[in-house]
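A short write-up of the structure that comes next.
The values are calculated or read from the model by the stated rules, or taken from the named source; none is laboratory data. Since the structure is predicted, the reported quantities are computational estimates derived from the model, not experimental observations. In this analysis, Cβ positions are derived from the backbone assuming ideal geometry, glycine residues included, and neighbour counts consider all displayed protein chains. Areas reflect the complete protein model, heavy atoms only, side chains present, ligands, DNA and RNA absent. Shrake-Rupley method; radii C 1.70, N 1.55, O 1.52, S 1.80 Å.
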Amino acid sequence: MISFMPSPNLNTHNFLYKVPFKFLSLHSFSSINNANFNHLPLDIQRFLSLLHEFSNALLSVKSIHAQIITNSVSKHHFLSSNLVRSYSELGCLGLARKVFDKIPQPKPILCNSMLNGYLRNQCYKETIELFELMGASDWGFDSYSCNFVLKACMELEDYERGREVIKRAADHRVDGDKFLGSSMVNFFMKFGDFDSARLVFNQMISRDVVCWNSMIGGYVKGCYYVAAFDLFLEMILCGVRPSAITMVSLVQACGGTRNLELGKRVHGLVLVFGLGTDVLVHTALIDMYSKLGEHERAQSVFDIMPAKTLVSWNVIISGYVQNCLVYEAFDLFQKLILTGGGFDSGTIISLLQGCAQVADLESGKVLHGYIFRKGLDINVILCTALVDLYSKCGALKEATFVFDRMKNRNVITWTAMLVGLAQNGHAEDAIRLFGKMQEEGVTANSTTLVSLVHCCAHLGSLKKGRSVHAQLLRHGYAFDVVNRTALIDMYAKCGNINYAERLFEDVSFLKDVISWNSMITGYGMHGQGHKALDLYHRMLDEGLKPNKTTFVSLLSACSHSGLVDQGRRLFLSMESDHNIRANEKHYACYVDLLSRAGHIEEAEVLINQMPFQSSREVFEALLNGCRMHKNIDIGIKAADYLLSLDATNPGIYIMLSNIYAEARRWDAVDHIRGLMRGRGLKKAPGCSLIEVGKQLHAFFAGEDSHPNSVEIDRILENLKSELEALGYVPDTSCVLRDVDEAMKIKSLWRHSERLAIAFGLLHTPAGSLIRISKNLRVCGDCHTVTKYISKVVKREIIVRDANRFHHFVDGKCSCNDYW
């Protein structure tokens, strides 16, 4: 019984000992005899010889054709079929068809020449149309005709028409031919119809090694590895000697199962069957060992190859890149050049991927030079690899240059550029590029759309996110676990935690640990620490094992909700209960948890006890806690350490300046700001985004150049009066500048989130929700003001700042003033 379920767990022991190591009985095959043409007239034989000798020159073929017409033998079927073949091989299908159309009742031999001509020149629709004409005109067809048409159907991915061809072959009893049988097996395998393929295979009267290879290769391509090995054993027992192609398929199956022991044993069989010198088999073995992380074994196979092809070089170079041995791959490339061997786009693509892997921009530029000099810069795959390399190295200018110069761009190219923009913080540009991609009629794939989901999450653009979600649904991509997890993350980051929860709780969603982590993170950033902890316990109850990221998400959630005791217990349980050793991220989250809660000294002790060198993130968390709780002494020590790591980070100077400003140490503030000016460092301005209609609007602190500035000022002035009537008193301690009170109050009312809220009130329906995203932490006074505004205008206002979400409803905030 053949198993049709993919399984990487093959029983290596049982498999090997079923294979006879002495091949006792072999089928003998007689070669196909060439047709005897002695009965043909001499002039026909002469023209056939001429066509065979000069078939590679169009002018010669035309000259011979003219002589055929002059000698009145142009109606001879065999001669016409050879003329059609000659023209077709030269790509002159129009001339071939003219010869074909001159014969009123063409026999199958002539029809097959025309069908094959169309197929060779990738005119698949014309192949099928001619076959239909043959049937309609009752010209007859044979197994070769069906073979050509079936291949055309495979290329067009037309399953239904292919089945019709097979049915017609069966009706005319030409389906018993072994060559057509192999094609039918390949056809069904291509479309994943393994049962039909096996049925055809079992009904074949004569099965040579090609037929067996079609079936075994099909199973391997479909990842049905157990079935492939079972059939191989059956093949051996039937006395059919495996060919190099058979062993290549089995070697690929070992790579697919990631079973090294099985791979070694199949390697042994290669030697037993005398295929140890075959280049294809050697190349497959190199690829298998590379994929299984055995690069030394791969190199050994490569070294003993009697003749190395460029494909072999490419596979071994790619294998080194796959195993993160990028510079070793470059050494091999140098050897290839020194041996006088050339290289092709496949070689360069692997090396470019290696450069992207280690962010080696300079080596990538050298390869770009090779590409240009070899004239390979029109190759779409190569140029896409260049775009990917430059993007991953942060060289967006170069990536854009390559992308813009490309004449032909496929969906992978567009996606590489889009992902590059997104990963380098240009989410809006990525979304604009997607618009251009749609204008050019390029259909997005799953990777394109999930990249856009991340862009929308970064921007906090819920409307665009929903639009991308709709496209994922239309294309059938929305139910993939990776894409569903990205959507959960996007809805959480866009402020709609309820919809994120709804997607997560969908009973049809098969969650993995990353999905659980994403939902825990979402709860954490919305200040719902207790929900995050409940979900974690539910995750454990369902038998899922938490990973390092799970605890980063949990500790962060506890930090944002002030759950100090729970966070302590989680931190201690990581290693004791789950055998997970805390890394720098865990310590940074734990220090943040303690520092936010005011346990500054405890956090400092924890840092001193860390089992490794403290990272920048750990001291930034400590410094932030010192700012919040006005601990100048420890804050200065933390800032000094951070500046010793990176003296060009303006954020450190700003935070230290703020600590001094809150302590009213204006001389120290001036000194810090003087250092910044001297080093050419600038504070990032406060910026808030609001989405109205289909457009994102950005507001910067102190801005008065917006087209709606007058209306915004009027709304803010009215709000200020209403808020003061309700008891609002400005907290000018948030203004960390040494200016008078009036200037401080004026400065507060020009903060970017207030401008964005006023714009939202101006351009959205009464009572509707307002969503704001801000690049910095919300100051205390803005937090208070937004609470009052939510009560006055009777609207929910959601603000995402640099740390978390704030849901303001009826004068209250979800953070309970803990942020």
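Observations
- Gap separating the Cα centres of segment 571-617 and segment 271-303, nearest whole Å: 47 Å
- Amide H contacts of Cys815: His807, each under 5 Å away and 5 or more positions distant or on a separate chain (H built 1.01 Å from N in the peptide plane; Pro and chain starts excluded).
- Relative to the longest principal axis of the Cα atoms of the chain, the long axis of helix 666-678 makes an angle of roughly 30 degrees.
- For the chain, the longest principal axis of the C-alpha atoms and the axis of helix 616-628 are separated by about 30°.
- The Cα center of segment 498-549 and the Cα center of segment 450-477 differ in position by 21 Å.
- When the chain is described by a simple charge dipole with +1 on each Lys and Arg Cβ and -1 on each Asp and Glu Cβ, the residue from Asn424, Ile166, His697 located farthest towards its positive end is Ile166.
- The calculated Kirkwood hydrodynamic radius for the chain is 32.9 Å, given to one decimal from all distinct C-alpha pairs.
- Accessible area of Cys815 (1.4 Å probe, protein heavy atoms only, ligands and nucleic acids ignored): about 10 Å².
- Rounded, prolate or oblate (a/c below 1.5 giving rounded, otherwise prolate when a/b exceeds b/c) for segment 511-582 by Cα gyration tensor: oblate
- Estimated at 0.36 nm per residue, the fully extended path between Asp171 and Ile378 surpasses their Cα-Cα distance by 69.7 nm.
- Applying 0.36 nm per residue to the separation of Phe509 and Asn408 and subtracting their alpha-carbon distance, the gain on full extension is 32.6 nm.
- Net charge of the neighbourhood of Glu602, taken over other residues with C-beta under 13 Å away and scored Lys/Arg +1, Asp/Glu -1, is -2.
- Whether segment 425-506 is rounded, prolate or oblate, judged on the alpha carbon gyration tensor where a/c under 1.5 counts as rounded: oblate
- Heavy-atom accessible surface of Ile304, to the nearest 10 Å², is about 120 Å², with a 1.4 Å probe and all protein chains retained.
- Sorted largest first by accessible area at a 1.4 angstrom probe radius, with every protein chain in place, the residues Asp740, Asp781, Asp177, Asp633 fall in the order Asp633, Asp740, Asp177, Asp781.
- Percent accessible area from carbon and sulfur atoms, segment 583-682, protein chains only, probe 1.4 Å: 50 percent
- Radius 13 Å from Cβ of Val73, net charge of other residues (Lys, Arg +1; Asp, Glu -1): +2
- Rounded to the nearest 20, the Cβ-based charge dipole of the chain about its Cα centre (Lys and Arg +1, Asp and Glu -1) stands at 1000 debye.
- Solvent exposure of the chain as accessible area per residue, Å², 1.4 Å probe: 48 Å²
- In segment 689-813, inverting the average of 1/r over every pair of distinct C-alpha atoms gives 14.6 Å as the Kirkwood radius.
- Each stretch of four or more DSSP H residues adds -39500 (n - 2.57); spread over every residue of the chain, this sum gives -20500 deg cm²/dmol at 222 nm.
- Taking amide H as placed 1.01 Å from N in the peptide plane, Leu696 has no amide H partner under 5 Å among residues 5 or more places away or on another chain.
- Overall shape: oblate for segment 583-682, with the ratio a/c of the largest to smallest alpha carbon gyration tensor axis at 1.5 or above and b/c at least equal to a/b.
- Inter-label distance for Glu164 and Asn547, nm, one decimal - labels placed 7 Å from Cα along Cα-to-Cβ: 4.9 nm
- For the residues Trp313, Trp212, a 1.4 Å probe over the protein chains yields an accessible-area ranking, largest first, of Trp313, Trp212.
- Cα-Cα over 24 Å, subset of Lys630/Lys720; Lys397/Lys463; Lys682/Lys744; Lys102/Lys167; Lys531/Lys812: Lys630/Lys720; Lys397/Lys463; Lys102/Lys167
- Among the listed pairs Lys151/Lys178; Lys548/Lys637; Lys464/Lys694; Lys464/Lys683, those beyond 19 Å (Cα-Cα): Lys548/Lys637; Lys464/Lys683
- Cα centroid separation, segment 732-806 to segment 188-225 (Å): 67 Å
- Ranked by solvent-accessible area (1.4 Å probe, protein heavy atoms only, all chains present), the residues Tyr219, Tyr327 order from largest to smallest as Tyr327, Tyr219.
- Size of charge dipole - segment 583-682 - debye, nearest 20, with Cβ of Lys, Arg +1 and Asp, Glu -1, no other charges: 440 debye
- In degrees, nearest ten, helix 411-423 long axis to first principal axis of the chain (Cα): 20 degrees
- Here the gap between Asp640 and His537, fully extended at 0.36 nm per residue and compared with their Cα-Cα distance, gives a gain of 33.0 nm.
- Dipole of the chain, positive end: most advanced residue of Leu59, Ser688, Leu462 [Cβ charges, Cα centre]: Leu59
- Surrounding net charge for Glu617, when Lys and Arg each add one and Asp and Glu each subtract one, Cβ distance under 14 Å: -2
- Modelled label reach - Gln357, point 7 Å along Cα→Cβ, segment 281-296 residues with backbone N closer than 20 Å: 283-296
- Heavy atoms of Leu310: accessible area, 1.4 Å probe, square angstrom to 10: 60 Å²
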